[in-house]
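Worksheet: the structure to be examined is printed underneath.
The values are calculated or read from the model by the stated rules, or taken from the named source; none is laboratory data. Quantities reported herein were computed from a predicted structural model and do not represent experimental measurements. Cβ placement follows ideal geometry from the backbone for every residue including glycine, while neighbour counts extend to all protein chains displayed. Please note that ligands, DNA and RNA were not included when accessible areas were found on the heavy atoms of the full protein model with its side chains. Shrake-Rupley method; radii C 1.70, N 1.55, O 1.52, S 1.80 Å.
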Amino acid sequence: MGLVFGKFMPVHNGHLALIEFARKQCDRLIVSMTISPDDVISPALRIQWLTELLAPYSTIEVVAETNEFHDPTLPLWEATKLWAAFIKRRFPNVSVFFSSEAYAIPLAHHSGLRHVAFDPPREKVPVSATLIREQPARYWDFIPDVVSPYFVKKICLYGPESVGKTTLARQLATDYKTIFVPEVARDMITSNEFTLDDFVRIGQAQTEAVQQAERQANRILFCDTDVITTQIYADIYLREVPPFLYELERQVHYNAYILLDIDVPWVADDLRDHGHKRPEMLARFRAELDRRNLPYYLVSGSYSERMSTISRITDRLLETA
């Protein structure tokens, strides 16, 4: 029986290559995920990723273990004595472990287990979980599909009617080789006669559209509107906001809000009916962001100027991602 262990924070293609290497040399393989109080990615999410990725392999068992055996104040030689004692106690049938880490040599000595190294210089898969956490956009190709939604940066194009949200979202998605989330209400309504249930359905559909698109996006996702917008229009048309819309709002976090100014021509259509209240509507949209203390960029100017400004914001977001 073999053992691979680590924090998998997140699991990446290097981990998967190590696990595949180990799997081919064992009748059974345990993949043990270590949990610590200061983990920056939730254990539940990490174990979900591992379980999904390794589900096709019947000889692999995925487990999670609380890190009660590590003392960071000890030098590596002494620390690995504690690790070895834990492994022998928790996994008594393990005879070999696989890793790419320098700690494997003292751990093998203290545990008496055979160690098989896999690509210690990381030439085959030149990445680490730390690098991915610090710059996911740069190391995107090393992130498994089930993990990548966690690292997708989301930009919300936000504001009142006829400020260019849809046009900008579509063009930005093309420029950044990704996808965008349209305003789903446009496909769900035929008039401005609403019920509270209509706004709940719209909010639910918008949220699900974002969550679905996260799984397909390439590093970044542009969203034409959000659930705060649904709340605003529920209040305008019905003087009431369904409480469920606030629950939906908490399900999606945007890395940047782009509040689009009204200094572009109004373009009428069958559903737009607030052209005479553009300054009032812009103030309302802005107030909702301020009330939540959400940072945002107010973007104005022509279409090309807006594109240039948002592209610069996007590039900065990806550089720090």
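Using only the heavy atoms of the protein chains and a 1.4 Å probe, how would PHE98, PHE5 rank by accessible area, largest first? Before the final figure, lay out each step's value.
Details: PHE98 5, PHE5 40 Å².
Greatest to least solvent exposure: PHE5, PHE98.
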Scoring the chain by relative contact order with C-alpha pairs under 8 Å, at least six apart, yields a percentage of 17 percent
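At 10 °C and 1.306 mPa s, grab the translational diffusion coefficient of the range 109-150 from Stokes-Einstein with a Kirkwood Rh over Cα pairs, rounded to a whole number in µm² per second.
On the way: Rh = 12.5 Å.
Using the Kirkwood radius from Cα pairs, D works out to 127 µm²/s.
Within the range 12-73, which trypsin sites (Lys or Arg not before Pro) sit in a loop by DSSP and count at most 15 neighbouring Cβ atoms inside 10 Å?
Details: sites: ARG23, LYS24, ARG28, ARG46; in loops: LYS24, ARG28.
Passing sites in the range 12-73 are LYS24, ARG28.
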Percent of all alpha-carbon pairs of the range 1-92 at distances over 22 Å, whole number, is 30 percent
For the pair TYR150 and ARG201, the simple spin-label estimate (label points 7 Å beyond Cα toward Cβ) gives in nm 3.6 nm
Ratio for the chain, C-alpha Rg to 2.2 N^0.38 Å, reads 1.27
Residue-normalised value, i.e. accessible area per residue, for the chain at 1.4 Å probe, in Å², stands at 50 Å²
Under 5 Å from the placed amide H of LEU221, counting only residues 5+ away or on other chains, we find LYS153, LYS154, ILE155
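As an exercise, identify the trypsin sites (Lys or Arg not before Pro) in the range 89-179 lying in DSSP coil whose Cβ has no more than 10 other Cβ atoms within 10 Å.
LYS177
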Counting only protein heavy atoms and leaving out ligands, DNA and RNA, the solvent-accessible surface of ASP235 at a 1.4 Å probe, in Å² to the nearest 10, equals 40 Å²
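Counting only protein heavy atoms, what percent of the accessible surface of the chain is carbon or sulfur at a 1.4 Å probe? Don't skip to the answer; put the middle values down first.
Numbers: 8130 of 15990 Å².
The computed percentage sits at 51.
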Violations at 32 Å Cα threshold for listed pairs LYS7/LYS153; LYS24/LYS81; LYS124/LYS177; LYS24/LYS177 -> LYS24/LYS177
Helix 227-238: inclination vs the chain longest Cα principal axis, degrees, rounded to 10, gives 30 degrees
